[in-house]
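For reference, the structure discussed in these notes is given below.
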Amino acid sequence: MPISYHANGEAQPSFLIPAPFVSISKSFEKAGNGEILGTTYNITLTGTMIADRGSPDKDGAFVTDGIDPTPDSLEAAEYYKSLQKKQRALSNLFSKKNEGGQLHVQHVAGDGTQGFKCFPTIESIDFEAHNPGNPTLSSYSITLTSNHLIYPDGVADNDDWKDKWLINNATETWDIQENEKRMTKRKHVTGDSKSPHTGTCDASAFTTKEACEEAGACRSRTAGTCSDGESKDQEVCQAAGKDWTGNAISEYTDKKSDCLTNGGYFTSTNTWTGDSLKEKIDKVDKIYTVTHTVSAVGKRKFDRDDTKAPGFETDGFFTQFDEEKNQEAWQQARGFVYDLLKYGKSFTKGEDGILNNKDDYDRLGLNLPDSYEGYNYNRTQTVDHLGGSFQVNETWTFAPDHSKVLETIDFNVSEDPATGFLSVTVNGSIEGLVDPPSMSAVSVAAHCKDSSGATTSHETQTTCESVAGNVWYPAVEDPEADIDIGFNLETSSIDSKFEQARKYYDEIQSELHLTATSIVQELADYSPSSYGNINLNKEPTSKTVGMNPNTGIITYNYSFSQTPLFTIPGCKTESVQVNDTYPGRVFASTAVIGRKLGPVLQNINTQTEWKRSLSIECNVDINRTIVDGVYNKNRVTPKDGTTYYGDAMKAKPSNVRDSMIAIKAVIDRFSPKGQTSVTKWFVDSPPTENWNPRTGSWSYSISWTYEMDDKKFESHSINNYSYGQYPSRWLVEDGSGERPSDEDFDADTAENKHVPGEAW
């Protein structure tokens, strides 16, 4: 039974003579569930070398035709030297250099009708100690492993893994964990229809708060002339103390947007009474993270169609393999792993595209709600070249179907102990969700070939094999195939995670004050029944937005307050201070020599003047542009140098039309002019205005001296303190509110002669 092994780089095989005994055992690599992953043939060659004959010969040379060579003529002293050379030759034949060569076991030399061949991995070679009684003999044992045995007819047994991946072991695990994140579902409607509203508009034509407030008066700016010859706007003209002549200001009801577009300025005339749009947290859903881990340790796959061993790299340690044939152990492991991957969305909906039908996650033991889908598919892979292993981790974020983002939100509520005003802070995080890519039905690295070996136009295995003579070659078997094989993830046109997050943020950011209002009203302390209706200002007191395009996450922090809104448009801060100085009694003081009580005080029956001062301070956003006398809410890049200060006066609040109108209204509100019982009034000193164009700080101050009728002063109980002569407690005890007469008061004893409760 001739036995040969084909060494790397040799034209002919090397025969072992005398032929060793051959033992074969077959073992199976199994997964933990008992599934057979592969087959290993364990082959042991047990033989004896003779010092003066056989192959290899005394010089270490092998015969290549399988015929016994002529015995060597040796002296007894040369036996050991010959056996050493034979051992070295056998060791070199079964070395790493020649691993993967063809081992051929034949019935007789040149007879291919019986026996087998394989391309083994060399595990070990052992030489037994010399037997002192047999100096011409040396026993050896060679252990080999092979993934297959090929019989003379070219057919292997049923456990040949020719068209399968060669692996030693593999694992596949699924992990499902409850994510720390949550899905916040808002009860809101985007678009033009933002119902429900509970309330009414003073114009019956409008049934929603937005439509009501959107309609108003659009006023023309050119309906007359101002006495200064420049100003054309009636409000501006009259606010500057100039006379306005001309027609009445034209008005018409229209949308705000149309009004501004047509060059008018808008004043809302309609008011909404009742609740605004209800924006509330409707539901909070759990989010899950599903992880799929597949790992395998591969086996090297030698070329079964080549009788020559792959051999070493030129200057390296590794066995030479044809990269396109995926023969390295880690490549075999990779192919096995790829076959078990779920490839994004095909896992979520199954290969048939129908949830809970075929190859879906419920069949894998994942207890997830039927309404959940996988998003944000992510894949990581690990390659161990020396270990021959390959591992892939697939992860999905599972959320309710048709979701676009994950939103987590929390609130902080505080109450100002001095004013009782509420302040609500809304912190949120928005992470975009994208559908996983789908696996194409066609592998990117597979070919259909006809009987001549030519590649055909068929793109799937089914259509390929439907034609007689055609053969479907997966990438692993086709030398023309791309190395990166296993699947084709279809390119998706959907938005990125960040784009999804951004779009959602754009939808909800204008209504966060409603969300804050609704969540506060759900607290017992601040429910409408116990606290009244809470109306937080729509404009936040502070706002911070963080964006991370790489992670697809947008964070926001908004603070809303009940603090009254600023009166002056464009102000970031605003302060209005009113100081009143009330009249005091005017008296004469005459010093008298020797008078123990001091100077003589004499009432001259008059009083000091009434005084009032007003100071207005605000800080405007100097980065805002001004369009047609109105602060534009769209920020622009701060201007620099000359251009910046060139527009500085234009941005001063008193030069901005809508701000100036508001400032004038504040002044008129506190001016003594026109107030009841004011008979005369004067601006007692020139008004002052301060403007810092660098910081946007602006202030204005004015003071008046005025005269009121005496009765108004006399009936003002607080101001009776100013007379000093009459303790205010008298008025409190009596309750009449009338001034006591001199007869009811003893100046020397400071006693009240009047009986409380009786008329003065």
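The values are calculated or read from the model by the stated rules, or taken from the named source; none is laboratory data. Small disclaimer: the values here were computed from a predicted structure and weren't measured. Note that we place each Cβ from the backbone using ideal geometry, even for glycine, and neighbour counts take in every protein chain shown.
Table for the structure above
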| quantity | calculated |
| --- | --- |
| Residue within region 545-558 that is more than 30 Å from LEU514 (Cβ to Cβ), aliphatic (A, V, I, L, M) and without any contact (Cβ under 8 Å) to a residue 60 or more places away in the chain present | no |
| Top-ranked residue in region 68-100 [being modelled with pLDDT of 90 or more, among the small types (Gly, Ala, Ser) and in contact with a strand residue (DSSP E or B) (Cβ under 8 Å, 6 or more places away or on another chain); ranked as surrounded by the most Cβ atoms within 10 Å (Cβ to Cβ)] | SER95 |
| Those strands (runs of 3 or more DSSP E) lying entirely in region 1-91 with at least 3 residues within 21 Å of ALA129 (Cα to Cα), out of contact with any Cys (no Cβ under 7 Å at 6 or more places or on another chain) and not assigned by TED's automatic domain parsing to the domain that holds GLY311 | 36-50 |
| When residues of region 51-67 are limited to those that are touching a strand residue (DSSP E or B) at 6+ places or on another chain (Cβ under 6 Å) and in contact (Cβ under 8 Å) with a residue 40 or more places away in the chain, the one nearest to MET1 (Cα to Cα) | GLY66 |
| Test set (1) closer than 25 Å to GLU609 by Cα; (2) modelled with pLDDT of 80 or more; (3) part of a helix (DSSP H, G or I) - LEU731 fails condition number | (2) |
| Candidate set: region 467-525, residues that are hydrophobic (A, V, I, L, M, F, W, C) and at pLDDT below 50; chosen: the one surrounded by the fewest Cβ atoms within 10 Å (Cβ to Cβ) | ILE483 |
| Residue list for region 558-600, restricted to those being assigned to a strand (DSSP E or B) and in contact with a helix residue (DSSP H, G or I) (Cβ under 7 Å, 6 or more places away or on another chain) | TYR558, PHE560, VAL576, VAL578, ARG585 |
| Residues of region 668-695 that turn out to be assigned to a loop (DSSP other than H, G, I, E, B) and loosely packed, with under 11 Cβ neighbours inside 10 Å, as a count | 5 |
| PRO13 in contact (Cβ under 8 Å) with a residue 12 or more places away in the chain, touching a Leu at 6+ places or on another chain (Cβ under 6 Å) and not aliphatic (A, V, I, L, M) | no |
